[in-house]
Amino acid sequence: MPLKEMVQAYVNFYAEMDKVYDGLISKDLTIGMANQKRFELNESLQKQFNVIFNDLPK
C-alpha cells in the first residue's frame with residue numbers, strides 16, 4: 001500500500017485547510033469562500049487518492 005503518498009496527500013490537505021482557517025480568522029475569507037475552498041480541497045484529495053489506488057497492482 002502506498003502509505004507515503006497517502007500521508008503526503010493528507011499533509012498537503014491539512015496544510016491548505018490551515019490556510020483557509022487563517023483566512024477566516026483574519027477575515028480575509030468569508031464563510032462561503034472558505035466552504036468553496038474546502039470543497040475544492042476535498043475534491044482534490046479524492047482525486048489524489050483515486051490515482052494512488054488505481055496505480056496499485058491488481
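Before moving on, here are some points about what is shown:
- Scanning the stretch 28-55 for residues that are in contact (Cβ under 8 Å) with a residue 12 or more places away in the chain and over 12 Å from the mean Cα position of the chain (by Cα) gives 34, 52, 55.
- Members of the stretch 22-33 found to be out of contact with any Lys or Arg (no Cβ under 9 Å at 6 or more places or on another chain) and surrounded by 10 or more Cβ atoms within 10 Å (Cβ to Cβ), listed by number: 22, 24, 28, 30, 33
- For the residues 11, 7, the requirement of being assigned to a helix (DSSP H, G or I), open to solvent by 70 Å² or more (accessible area, probe 1.4 Å), of a type in the set (A, V, I, L, M) and modelled with pLDDT under 95 singles out 7.
- With respect to the stated conditions, residue 19 fails to be in a helix (DSSP H, G or I), surrounded by fewer than 11 Cβ atoms within 10 Å (Cβ to Cβ) and of a type in the set (Lys, Arg).
The values are calculated or read from the model by the stated rules, or taken from the named source; none is laboratory data. Please read all numbers here as calculations on a predicted model, not as lab measurements. Positions of Cβ are backbone-derived with ideal geometry, glycine not excepted, and every protein chain shown enters the neighbour counts. Accessible surface areas use protein heavy atoms only, side chains included; no ligands, DNA or RNA. Shrake-Rupley method; radii C 1.70, N 1.55, O 1.52, S 1.80 Å.
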